[in-house]
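The next block holds one structure in the form of structure tokens; read it before the comments.
Only the coordinates and a few stated rules stand behind these numbers; no lab work does. Remember, predicted model here, so these are calculated numbers, not experimental data. Here the Cβ positions follow ideal geometry from the backbone for every residue, glycine too, while neighbour counts run over all protein chains shown.
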């Protein structure tokens with residue numbers, strides 16, 4: 001059994017940002033809070049699905065809201081307790097473990113904080129294998145697992161529980177309550193058994209993120225090449241951020257960035273479109289990568305990921321594209337997370353085919 | 001034991017509109033729906049608090065939202081079932097009876113619809129003795145009864161349950177979810193025992209509203225005089241509506257109306273301020289009546305109440321002021337429902353003192 005301590009938390013934070021594709025919120029504050037919780041509560045076991053009983057109940061948890069706020073809002077620390085208590089009451093069943101609802105930014109590390117606090121292990125899986133902006137965009141929904149009940153709580157102690165007629169209704173109503181709570185809150189949703197999780201989650205994603213994060217932190221020579229190698233990634237461009245447009249609307253951070261190639265990429269211009277996460281990379285009207293594949297901008301020297309809300313004029317970046325988990329590539333899944341869902345009128349082509 | 005059938009429903013609808021002070025939504029559609037439910041489910045027992053056990057649990061219910069929408073939105077009919085089920089699950093206790101959370105307009109009659117459907121009696125009390133626009137404005141809150149949990153549901157079947165740190169937080173969050181549900185929903189809140197209800201509600205308000213409604217419907221000669229007599233009311237002016245300003249903002253219907261006196265009141269001008277309910281009646285800078293006393297505009301010929309959203313230029317009306325339940329006149333209560341809460345910088349003076 002692996003344990004998540006301070007080092008593993010740092011690796012996880014880094015790796016979750018790689019797979020987060022610019023979304024999920026800057027994990028800096030989240031890592032500090034989770035690290036503090038580990039000091040008090042002790043290391044958190046990271047367990048595999050196979051090590052649990054098929055009937056054990058798993059609770060996916062995350063923060064929800066505007067990434068800019070999520071990345072800065074202090075939690076009271078007992079959000080996980082309240083979420084667990086409310087869910088156990090609603091289901092009349094004990095929770096055996098928590099997992100990350102989203103593997104990206106803050107949401108890669110916050111579950112560690114709650115797990116140590118409530119004394120439960122973290123399961124090595126998540127519901128996205130990356131970050132997505134809306135609650136219905138999960139492998140659990142694709143697999144037919146009910147989103148109900150959804151429980152959200154804020155740092156004051158307010159607790160709201162939803163049973164909705166569809167994940168989209170949950171998204172709509174949760175979003176409005178989160179706004180009234182101050183644009184960020186903590187939630188749990190899609191409670192499921194281990195048996196369900198075996199086909200309704202991205203299995204092994206947490207340990208994979210920790211490996212990638214560790215490699216990135218320990219790479220010396222050419223961290224970008226090392227990173228690409230470890231995640232089957234494709235470097236799309238290396239260059240300088242010459243334009244960033246960003247609007248925070250309806251709780252989302254929407255915008256685009258333009259990267260002007262440097263060095264071997266001189267003369268090229270890449271346009272990056274994002275809605276919390278990076279969704280589309282274009283050059284001269286040609287798609288270089290698109291959602292649900294993962295597009296991550298990293299610092300050109302350190303290969304450390306940059307979340308979309310931290311993209312700034314003048315930054316030297318490399319833009320990488322990573323294949324998403326295969327679960328997202330079915331027709332059914334693309335109806336929920338494909339480019340058209342985000343109003344891009346293009347057909348999805350896997351990044352390996354675009355650059356193979 | 002009294003029974004609420006078609007006739008009693010009609011009386012209740014009329015009486016609740018008198019005490020509603022222009023708020024609670026036009027009861028026409030609500031009465032039709034409740035009448036239809038009575039045809040199927042049978043008459044509803046109206047029981048006194050004394051006829052129940054002190055430990056029995058009572059569930060106050062109501063619709064919540066913009067009165068204009070509440071008065072027109074069709075319910076699916078099983079809202080009461082969902083509210084009862086969710087509340088019993090949350091409290092691990094059976095509900096013995098329902099009551100009106102608010103005695104005004106739609107909310108005087110909708111509880112009858114749910115009661116017949118779920119087979120529970122209605123208790124002869126409510127949480128306001130009138131209508132108020134916000135969830136914290138209840139006799140239950142003044143008496144220290146917890147608002148938690150609050151459950152709301154819509155006609156689609158979405159169910160949302162709140163445990164909030166204060167009634168004001170409940171008001172804030174419920175309001176946003178109701179907006180996302182389409183500006184009207186059904187709710188239950190302040191679950192309480194019969195023992196609590198004896199000091200935390202306006203006792204006897206439902207049978208009183210039915211008596212007043214019956215009298216009004218059966219009055220022949222001078223219905224306005226008969227009405228004033230039955231409710232200890234004061235006629236403030238008789239005249240013509242010459243101006244109505246109304247804005248629907250933040251789920252509220254806010255505005256004012258000007259009434260030009262006719263007949264014996266010729267030459268007088270009365271200004272009526274409302275936020276869902278009528279809150280203030282002024283003449284030449286002098287207060288004639290203010291919240292929490294009840295101000296109701298009625299048709300000058302029939303004495304039938306007119307809800308604020310139906311006030312129209314040219315209507316011939318009589319404006320009446322009724323003393324509110326004494327529970328609202330303490331300093332503590334006036335901090336929750338007094339004129340200053342609604343941004344009127346005046347001290348509350350009971351209507352009997354103003355016109356005694």
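Given a cut-off of under 8 Å on Cα pairs at least six residues apart, what relative contact order in percent is computed for region B:222-355?
Relative contact order comes out at 25 percent.
Give me B:290, A:256, A:17, B:253 ranked fewest to most by other Cβ atoms within 10 Å of their Cβ, as a rough exposure proxy.
A:256, B:253, B:290, A:17
Using square roots of five times the C-alpha gyration tensor eigenvalues, list the equivalent-ellipsoid semi-axes of the protein assembly as shown in whole Å, biggest first. Numbers along the way, then the final one.
Details: eigenvalues 669, 153, 85 Å².
Output for the protein assembly as shown: semi-axes of 58, 28, 21 Å.
May I ask you to derive the FRET efficiency for residue A:286 and residue A:198 from their Cβ-Cβ distance with R0 = 35 Å, giving the value to the nearest 0.05?
Given R0 = 35 Å and the Cβ-Cβ separation, E is 0.35.
Helix A:79-91 against the longest principal axis of chain A: what's the angle in degrees, Cα atoms only, rounded to the nearest 10?
Roughly 60 degrees between the two axes.
For a footprinting-style exposure proxy, rank B:340, A:2, B:73 by other Cβ within 10 Å, fewest first.
Least crowded to most crowded, the residues run B:340, A:2, B:73.
State the Cα centre-to-centre distance between region B:171-188 and region B:67-122 in whole Å.
If you average the Cα positions of each part, the centres end up 15 Å apart.
So what's the angle, to the nearest 10 degrees on a 0 to 90 scale, between helix A:28-41 and the longest Cα principal axis of chain A?
30
What's the ranking of B:65-71, B:228-234 by average number of surrounding C-beta atoms within 10 Å, highest first?
B:65-71, B:228-234
From the label point of residue B:286, set 7 Å from Cα along Cα→Cβ, how far away are the matching label points in the other copies, in nm, ordered shortest to longest?
8.5
Could you compute the FRET efficiency for residue B:74 and residue B:310, with r as their C-beta to C-beta distance and R0 at 30 Å, rounded to 0.05?
0.95
Taking Cα centroids, how far is region A:206-220 from region A:249-305 in Å?
So the two Cα centres are separated by 22 Å.
Between copies, how far apart are the residue B:232 label points? List them in nm, one decimal, shortest first, with each point 7 Å from Cα toward Cβ, please?
From this label point to the equivalent ones elsewhere in the assembly: 8.0 nm.
Per DSSP helix of 4 or more residues, -39500 (n - 2.57); summed, then divided by the residues of the protein assembly as shown. What does that give at 222 nm, rounded to the nearest 500?
-9500 deg cm²/dmol
Going by C-beta contacts inside 10 Å, put B:337, B:145 in order with the fewest on the left.
B:145, B:337
Evaluate the relative contact order of chain A (contact order divided by residue number), counting alpha-carbon pairs under 8 angstrom at least 6 apart; express in whole percent.
Answer for chain A is 20 percent.
Place a point 7 Å from Cα of residue A:91 in the direction of its Cβ. Which residues in region A:107-136 have their backbone N less than 14 Å from it?
A:121, A:123
What angle do you read, to the nearest 10 degrees and between 0 and 90, between the alpha-carbon axis of helix A:106-118 and the longest principal axis of chain A?
Around 20 degrees separate the two axes.
When only alpha-carbon atoms count, how far does region B:222-355 stretch along each of its three principal axes, as whole angstroms with the largest first?
Between the extreme Cα coordinates on each principal axis of region B:222-355 lie 40, 35, 26 Å.
By how many nm would the segment from residue A:7 to residue A:343 grow when fully extended, if each residue of separation counts as 0.36 nm and the alpha-carbon distance is taken off?
Net length gain for the segment: 117.0 nm.
In nanometres, what is the gap between the two model label sites at residue B:260 and residue A:165, each 7 Å from Cα along Cα-to-Cβ?
4.9
Would you mind computing the Rg to Rh ratio of region B:2-206 from its alpha-carbon coordinates, Kirkwood style for Rh?
On the way: Rg = 14.8 Å, Rh = 16.2 Å.
Rg/Rh for region B:2-206 comes to 0.92.
Any idea how far apart residue B:329 and residue A:332 come out in nm if each label point goes 7 Å out from Cα toward Cβ?
The modelled label-to-label distance comes out at 6.7 nm.
Rounded to the nearest 0.05, what FRET efficiency is calculated for residue B:301 and residue B:36 with R0 set to 25 Å and r the Cβ-Cβ distance?
The computed FRET efficiency comes out at 0.25.
Any chance you could tell me what percent of the C-alpha pair distances in chain B go past 38 Å? Please report the intermediate quantities before stating the final value.
Values: 6708 of 63190 pairs.
It works out to 11 percent of all Cα pairs.
Taking the label point 7 Å from Cα in the Cβ direction, how far apart in nm is residue A:195 from each other copy of itself, listed shortest first?
Its label point is 4.6 nm from the equivalent points in the other copies.
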